[in-house]
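*Asks:* Submitted below is the structure of interest, expressed as structure tokens.
Just so it is clear, none of the values below were taken in a lab; they were calculated from the coordinates. On a predicted model such as this, the values are computed, not experimentally measured, just so you know. For neighbour counting, all protein chains shown are included, and Cβ atoms are generated from backbone atoms with ideal geometry for every residue, glycine included.
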Amino acid sequence: MARPVHFEILANDPEKMAEFYRKTLGWKIATWNDPQAYWLVTTGPDDTPGINGGIMERHFQQAVINTVQVESLEQMIASIEVAGGKKVFGPHEIQGVGTHAYCADPEGNMFGILQPTAK
């Protein structure tokens, strides 16, 4: 079973959104050194239920994208396509994290899939 492990909020002004969520929800938000501007979001302590995420510039129309962890990215993409979905972007390597791709269900709702880097 694939569980959500990360969310992304896409915004026209990510810095403004980061400040909004800091002020309203108390999230800890910091920039991440990556080729793409990206703000890492910590929503709470690791020992409590919930997931962390990120804020980035809007490059897809969907405002929020949830990512699920999978054992095999290749097998999951094949399964998604057989079930009527499609791969939208990727796969691409996130250094120190794993391999990621964006997919869409049959109605066009996007979600991410992540195969973590082997430890």
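*Asks:* Hey, what angle do you get for helix 73-82 against the long axis of the chain, alpha-carbon based, 0 to 90 degrees rounded to 10?
*Replies:* Around 70 degrees separate the two axes.
*Asks:* Moving on to the next point. When ranked by the protection proxy of mean other Cβ atoms within 10 Å per residue, highest first, what sequence do the peptides 83-95, 8-20 form?
*Replies:* With the highest mean Cβ count within 10 Å placed first, the list reads 8-20, 83-95.
*Asks:* State the number of lysine pairs found in the chain whose Cα atoms come within less than 30 Å, restricting to pairs 8 or more positions apart or on distinct chains.
*Replies:* Step by step, the pairs that qualify in the chain add up to 4.
*Asks:* Further question on the same structure: Treating only the Cβ atoms of Lys and Arg (+1) and Asp and Glu (-1) as charged, compute the dipole magnitude of the range 1-69 about its Cα centre; round to the nearest 20 debye.
*Replies:* Approximately 160 debye in magnitude.
*Asks:* Identify which of the listed values of Rg and Dmax of the Cα atoms in Å was calculated from the structure shown: (1) 13.3, 40; (2) 17.2, 50; (3) 14.6, 43.
*Replies:* Recomputing Rg and Dmax of the Cα atoms in Å here picks out (3).
*Asks:* Of all DSSP beta bridges in the chain, what percent run antiparallel (nearest 5)?
*Replies:* 75 percent
*Asks:* Could you give the size of the charge dipole of the range 23-119 about its Cα centre, using +1 on the Cβ of each K and R and -1 on the Cβ of each D and E, expressed in debye and rounded to the nearest 20?
*Replies:* I would put it at about 280 debye.
*Asks:* Over the range 1-69, calculate the relative contact order: mean separation of alpha carbon pairs under 8 Å at least 6 apart, over the residue count, as a percent.
*Replies:* Here the relative contact order equals 49 percent.
*Asks:* Related question: Lys and Arg at +1, Asp and Glu at -1: add these up for the other residues within a Cβ distance under 13 Å of GLN115 and post the number.
*Replies:* -2
*Asks:* Here is a follow-up. Using the alpha-carbon atoms, what tilt in degrees (0 to 90, nearest 10) does helix 14-25 show relative to the longest principal axis of the chain?
*Replies:* Once rounded, the angle reads 70 degrees.
*Asks:* Next question, about the same structure. For the range 97-107, take each phi angle, set θ = phi - 60°, evaluate the Karplus expression 6.51 cos²θ - 1.76 cosθ + 1.60, and give the result in whole Hz per residue in order, putting x for glycine and proline.
*Replies:* Per-residue couplings from phi come out as 10, x, 9, 10, 9, 9, 10, 9, 7, x, 9 Hz.
*Asks:* Further, regarding this structure: Express the relative contact order of the chain as a whole percentage, based on alpha carbon pairs under 8 Å and six or more residues apart in sequence.
*Replies:* 24 percent.
*Asks:* Then there is this: Place +1 on the Cβ of every Lys and Arg and -1 on the Cβ of every Asp and Glu in the chain, take the dipole about the Cα centre, and give the residue among ALA104, ASN52, MET76 whose Cα lies farthest towards its positive end.
*Replies:* ASN52
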